[in-house]
Structure formats: C-alpha cells, structure tokens
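Below is one structure; the comments refer to it alone.
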Amino acid sequence: MRIVGLTGGIASGKSTVSNLFRSNGLPIVDADLVARDVVRKGSGGWKKVVKAFGDDILLENGEIDRAHLGQIVFSDPEKRQLLNRLLAPYISSGIFWEILKLWIKGSKVIILDIPLLFEAKMDRWTAPIIVVWVDPETQLQRLMARDGISEEQATNRINAQTSLDWKRSKADIVIDNSGTMDETKLQFEEVLSQVSQPLAWKEFAFSRDGLFWILASVTVGVLAVQKNLSCM
Ligand code: ADP
C-alpha cells in the first residue's frame, strides 16, 4: 500500500488539491474529519477537552464550540500545545483505523490529507510527501477571503503554524498553488501520474493483496517441503 502524505499551511490549497485527488477516484483519509470525530459529544477526546478547558467551550447541545475553542488556542500557544497533546493519541488511532479500513478494502494508493503531517511525525509512514505551497501574500489574501477575517487575525493564524517554506524543504513533491486553478491543475496531473505508478515491491508487500501473495507463497513452500520429506 502506498500512503501519500498531503500537507500544506492554512489556506495554501491543501483541501483544493485533496478534492482533485478525490474527484480522480483516489481514497482520502482526512485528518480534519478524524479530528472532528474524536471530539464528538461523549467521546474520550471530548471528555479530555472539557476537563481541560471547562464547560464554557460547550454549545447548548453539549457539542464543543469549535469556533470558540479555535479562538482560545490560536491566541495562546500553551493552550494550543495542550489541546494538541490531549487529542494527538485519539487522532493517531482514528487515522490508523481509517487506513486499516482502506487496507481491508484492498486500496493500493491512498492519500493521507493532514495539516500537521510533520508536527505529528506521521511523515515517516508516508511516501511520497506532497506539500501544497503558496506565496505568503496570496496565502494571506486567500485566508482573509475564505474565512472572512481581518488581516491581523489571518496573520496570527499563519504565524501560529510551522513555516510553509520549512515544510516545502521537507517535501518530495511541491505543488505551487500561487497561480490560477488551471496552473494548479496542470501540476496536479503530473503529480497524479507520479503517485499512480505501479507499487514498488515494499509497498506491494504492505498491501492486502501483497500479504495474501506472501502467505500463499509461504504455504506453497511449506507444502512442497513436507511433500519432499514424505517422499524420502
Ligand atoms: P487549505 O485547505 O490549505 O486551508 P483551501 O484549499 O481551502 O486551503 O484554499 C484556501 C482558499 O483559496 C479557498 O477559498 C480556495 O477556494 C482558494 N483557492 C485555492 N487554490 C486557489 C487557486 N489556485 N486560485 C484561486 N483560489 C484558490
């Protein structure tokens, strides 16, 4: 199985590229969806967050007010670290289960769409690693337009993240999303053909079919040895 890592910075275009993969039929494990799932009312993650941040962060229906929590952690690095630390184990196991489900289905190439790929040290499980990069001014403008926030708020959110240039330096593949959608789609076509190449032997061994193939080969080998022994 090939687990392609897809990451970027806030408003760099990661979701846009992820949607291109999805519309080309590749299965996506979306870490943001997993992160939402692990704080659903009554879950283990929800209990940890409520205990640490208090009832004030709850909506009337008992779900976590994500916008409110977001404001708290974006303006306070210590609280952000605390939240990450509390939820990291739940998110990692949620991602693991999503990957396992796709493995059982026999998927060969999957996209792990995860903003904190490097920070969560998940990069060691993914290859190739794609970073969606954008120039700083375009990033700021797109973030303000998408989330309807001020320049100051957008700058704070960008600065709260690991530098996008550093992420770019760790990438196997960079998609520069500073231009038009058509320019991004052109780069995407190239990347799609790259990640859709036949699996390398190691990747095949980690796929469901690869495991069956190995088990079948071992079984045939053992039976052949037994047959030879019984003929002696
Ligand atoms: P991320 O998932 O990295 O936070 P998004 O994919 O949501 O970023 O993109 C941020 C915003 O920029 C969205 O409103 C999206 O529609 C817009 N956008 C993304 N790529 C382009 C592009 N090449 N040209 C114009 N707008 C874009």
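Cβ separations smaller than 8 Å between residues 6+ apart or across chains give the following pairs from the range 197-217 residues that are closer than 15 Å to Ala127 by Cβ to residues that are among the aliphatic types (A, V, I, L, M) and surrounded by 13 or more Cβ atoms within 10 Å (Cβ to Cβ): Leu199/Met1; Leu199/Val109; Glu203/Met1; Ala205/Leu211; Phe206/Met1; Ser207/Met1; Ser207/Leu199. Filter the range 121-179 down to residues that are of a type outside the set (Gly, Ala, Ser), part of a loop (DSSP other than H, G, I, E, B) and under 25 Å from Phe96 (Cα atoms) and give me whichever is nearest to the ligand (Cβ to nearest atom). Here the answer is Gln161.
Where helices (runs of 4 or more DSSP H) sit wholly within the range 1-115, those with at least 3 residues that are within 16 Å of the ligand (Cβ to nearest atom) occupy 14-23, 31-37, 66-74.
Restricting the range 183-232 to residues that are within 24 Å of the chain's Cα centre (by Cα) and of a type in the set (Val, Ile, Thr), the residue that is nearest to Gly13 (Cα to Cα) is Thr184. Candidates Phe204, Phe188: the one that is modelled with pLDDT under 95 and in contact with a helix residue (DSSP H, G or I) (Cβ under 6 Å, 6 or more places away or on another chain) is Phe204. Quick one: is Ser15 modelled with pLDDT of 95 or more, of a type outside the set (A, V, I, L, M, F, W, C) and under 24 Å from Thr162 (Cβ atoms)? When the stated conditions are applied, Ser15 passes them.
The values are calculated or read from the model by the stated rules, or taken from the named source; none is laboratory data. In this text the structure is predicted, and so the values were computed from the model without any measurement. We place every Cβ from the backbone using ideal geometry, glycine too, and count neighbours over all the protein chains shown.
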